[in-house]
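J.: The structure follows.
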Amino acid sequence: MDEISKRFTEFYKTLGIKQIEFCEIAKVNKSVLSNIVCDNPIRNISYIMIIKIKRAYPTLNLNWLIFNQGEMFISPSHVAEDSLTIRMMLEKIEALTRENQDLRRQLKA
């Protein structure tokens, strides 16, 4: 089992919930999380999935989850800071998605 896979499992077990509950709360596809836990997580984790998980579990330390740095949970004072970062990342993703769609339309024209 990969290190990120272990940390995902450790996180939801620490919360005292099952993988299916974790997925329902975070609004992520169970099969995607199963692939992460069982297979090659680096290839399967998307920014959108990370953002969904972070929104559902705002005190989860993403540095711990992804890089195994720091503690599993962040202090409440850092939650607002992380929320701002997530909002900025979402705006950038949405802008890049629109740009990608525009470029595809131009190529077809």
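The values are calculated or read from the model by the stated rules, or taken from the named source; none is laboratory data. Note that this is a predicted model, so its numbers are computed, not measured. Glycine also receives a Cβ, built like all others from the backbone with ideal geometry; neighbour counts cover every protein chain displayed.
J.: Would you say Phe11 is of a type in the set (Phe, Trp, Tyr), touching a residue at least 60 places away in the same chain (Cβ under 8 Å) and crowded, with 17+ Cβ neighbours inside 10 Å?
T.: So Phe11 passes the test.
J.: For the stretch 76-107, which residues satisfy the criterion of being exposed (fewer than 12 other Cβ atoms within 10 Å of the Cβ) and touching a residue at least 12 places away in the same chain (Cβ under 8 Å)?
T.: Pro76
J.: So in the stretch 24-55, with the set limited to residues that are in contact with a Lys or Arg (Cβ under 7 Å, 6 or more places away or on another chain) and surrounded by 13 or more Cβ atoms within 10 Å (Cβ to Cβ), which one is modelled with the highest pLDDT?
T.: Filtering the stretch 24-55 down to residues in contact with a Lys or Arg (Cβ under 7 Å, 6 or more places away or on another chain) leaves 26-28, 52.
Still in the list and also surrounded by 13 or more Cβ atoms within 10 Å (Cβ to Cβ): 26, 28, 52.
Details: Ala26: 91, Val28: 87, Lys52: 88.
Ranking the qualifying residues of the stretch 24-55, first place goes to Ala26.
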